[in-house]
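Notes to accompany the following structure.
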Amino acid sequence: MGVPMATSQDFVNWVCGPDLDYRYLKYVLLGERSSFLRFASGTTHQTIYFPEVKAFHVALPPRDIQRGVADILGMLDDRINLLRQTNTTLESIAQALFKSWFIDFDPVRAKQAGREPEGMDAATAALFPAEFEESALGLIPKGWSVGELGQAADCVGGGTPSTKEAAYWEPPVHSWATPKDLSGLGSPVLCATERRLSDAGLKKVSSGILPPGTLLMSSRAPIGYLAISKIPVAVNQGFIAMRPGGLLPPIYLYFWCQANMDAIKQKANGSTFMEISKAAFRPIPLVLPPPEVVARFAEVGGALFERVAANEQQRTGLTDLRDTLLPRLISGKLRLPEARKQLEDALA
């Protein structure tokens, strides 16, 4: 049962009568969003006033058809939300592991106190020392070292071919990322980009195609979007990209950047907008664990991220299916039995 509530003047409230399923109305309004926007007005911010909303017409199929449409689209939304929540949980597990091993040094503290490290097998525990030593960054596990980001990762930037030159964009062949592609991600992996470059356009990006597994960090407008690309991708000038193959793998650097983003932003400057350059990013100091410890984390964290990537690909496919079915179901061009079959095939 719903909870009684009041709203501000910024809302239009729809109270459905017995002939209109409120879930069906939600999908109608989502499908007709562009129609609503045509009635918006205002200079500071766009507003749709009550008379325009009141005059909006809704086609009303029989109530059982409304329920059927809402059930199909609702099942897709439920699965999409579940995949998003699962990915958040998987990332949180990997994040907690990184913090325990490389920020709090829990395994080292446990061994120093004469205890066995929790949550790891004997072989993994043996990779950690039982003592700390002084360093330029304070106490670190004995035998670990301090270096710079530029030593630990191959950091490159990107570029934007002229948008006035159609030959750089047609035919669209190579994925090309901008920070906007990361802004709406529901997971820490990038599986697709909004725009693509032609072969000629790719030649205008000095870093070329970056391999799958590259860590992308937006370096301006704003600083700090992070994602590991699961596809070959070129990037614009709004990124610092860290290719795989360095001393520290991208999954380690993902969580390191996430944990140290405030320090990264302190290195930024700019008059129009804040930006961190590669020259300012590369000298940032960090702790360098032994390769075998890093490899073990990459193995565990990488397995979690592979599950995240698989879930994200499924989520994207289901989102595309929902967005395809929605207008066809609302308009009546697609019958419920056909839509149910597509739903069953997608969820199988």
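Working only within segment 25-55, note down all residues that are surrounded by 15 or more Cβ atoms within 10 Å (Cβ to Cβ), not acidic (Asp, Glu) and not in a helix (DSSP H, G or I). Scanning segment 25-55 gives PHE39, ILE48.
Annotation: of all residues in segment 181-219 being within 18 Å of LYS230 (Cβ to Cβ) and charged (D, E, K, R), the one that is surrounded by the fewest Cβ atoms within 10 Å (Cβ to Cβ) is GLU194.
Condition first: in contact (Cβ under 8 Å) with a residue 40 or more places away in the chain, in contact with a Ser or Thr (Cβ under 8 Å, 6 or more places away or on another chain) and exposed (fewer than 15 other Cβ atoms within 10 Å of the Cβ). Can you find one or more residues in segment 253-268 that meet it? So far as segment 253-268 goes, no, none of its residues is in contact (Cβ under 8 Å) with a residue 40 or more places away in the chain, in contact with a Ser or Thr (Cβ under 8 Å, 6 or more places away or on another chain) and exposed (fewer than 15 other Cβ atoms within 10 Å of the Cβ). Taken as a whole, the condition of being of a type in the set (Gly, Ala, Ser) and within 24 Å of ALA70 (Cα to Cα) does not apply to SER8.
Does segment 10-24 include one or more residues that are outside any helix (DSSP H, G or I), touching a Lys or Arg at 6+ places or on another chain (Cβ under 7 Å) and exposed (fewer than 10 other Cβ atoms within 10 Å of the Cβ)? Yes: segment 10-24 contains one or more residues that are outside any helix (DSSP H, G or I), touching a Lys or Arg at 6+ places or on another chain (Cβ under 7 Å) and exposed (fewer than 10 other Cβ atoms within 10 Å of the Cβ). VAL205 meets each of the listed conditions (1) touching a Leu at 6+ places or on another chain (Cβ under 8 Å); (2) outside any loop (DSSP other than H, G, I, E, B) apart from (2).
When segment 308-323 is examined, which residues are found to be farther than 26 Å from GLN95 by Cα and of a type outside the set (Val, Ile, Thr)? GLY317, LEU318, ASP320, LEU321, ARG322, ASP323 - these are the residues of segment 308-323 that are farther than 26 Å from GLN95 by Cα and of a type outside the set (Val, Ile, Thr).
Scan segment 244-263 and give yes if some residue there is within 25 Å of THR163 (Cα to Cα), in a loop (DSSP other than H, G, I, E, B) and under 23 Å from the mean Cα position of the chain (by Cα), otherwise no. Looking for residues that are within 25 Å of THR163 (Cα to Cα), in a loop (DSSP other than H, G, I, E, B) and under 23 Å from the mean Cα position of the chain (by Cα), one finds none in segment 244-263, hence no. For segment 283-317, the set of residues classified as in contact (Cβ under 8 Å) with a residue 12 or more places away in the chain, under 27 Å from ARG84 (Cα atoms) and charged (D, E, K, R) consists of ARG296, ARG307, GLU312, ARG315, listed by residue number.
Among the residues of segment 308-327, which ones are farther than 18 Å from LEU182 by Cα, buried (at least 16 other Cβ atoms within 10 Å of the Cβ) and charged (D, E, K, R)? Within segment 308-327, ARG322 is the sole residue that qualifies.
Please verify whether LYS142 is basic (Lys, Arg), touching a strand residue (DSSP E or B) at 6+ places or on another chain (Cβ under 8 Å) and at pLDDT 95 or above, treating the condition exactly as stated. Taking the combined requirement at face value, the residue satisfies it. Kindly evaluate PHE102 against the criterion of being touching a strand residue (DSSP E or B) at 6+ places or on another chain (Cβ under 9 Å), in contact (Cβ under 8 Å) with a residue 12 or more places away in the chain and not in a loop (DSSP other than H, G, I, E, B). Yes; evaluated as a whole, the condition is true for this residue. Being of a type in the set (Val, Ile, Thr), within 23 Å of the chain's Cα centre (by Cα) and assigned to a loop (DSSP other than H, G, I, E, B) is the requirement here; does THR163 meet it? It is false that THR163 is of a type in the set (Val, Ile, Thr), within 23 Å of the chain's Cα centre (by Cα) and assigned to a loop (DSSP other than H, G, I, E, B).
Residue-level analysis places LEU60 outside the set of residues that are aliphatic (A, V, I, L, M), within 30 Å of VAL189 (Cα to Cα) and not in a strand (DSSP E or B).
Could you list, in sequence order, the residues of segment 166-202 that are of a type in the set (Gly, Ala, Ser), at pLDDT 95 or above and either part of a loop (DSSP other than H, G, I, E, B) or over 21 Å from VAL308 (Cβ atoms) (or both)?
ALA166, ALA167, SER198, ALA200, GLY201
Being at pLDDT 95 or above and within 18 Å of LEU325 (Cα to Cα) is a property that ASP104 lacks.
The values are calculated or read from the model by the stated rules, or taken from the named source; none is laboratory data. Note that the structure is predicted; figures quoted are calculated from it, not measured. With ideal geometry, Cβ positions are generated from the backbone for all residues, glycine too; neighbour counts draw on all protein chains shown.
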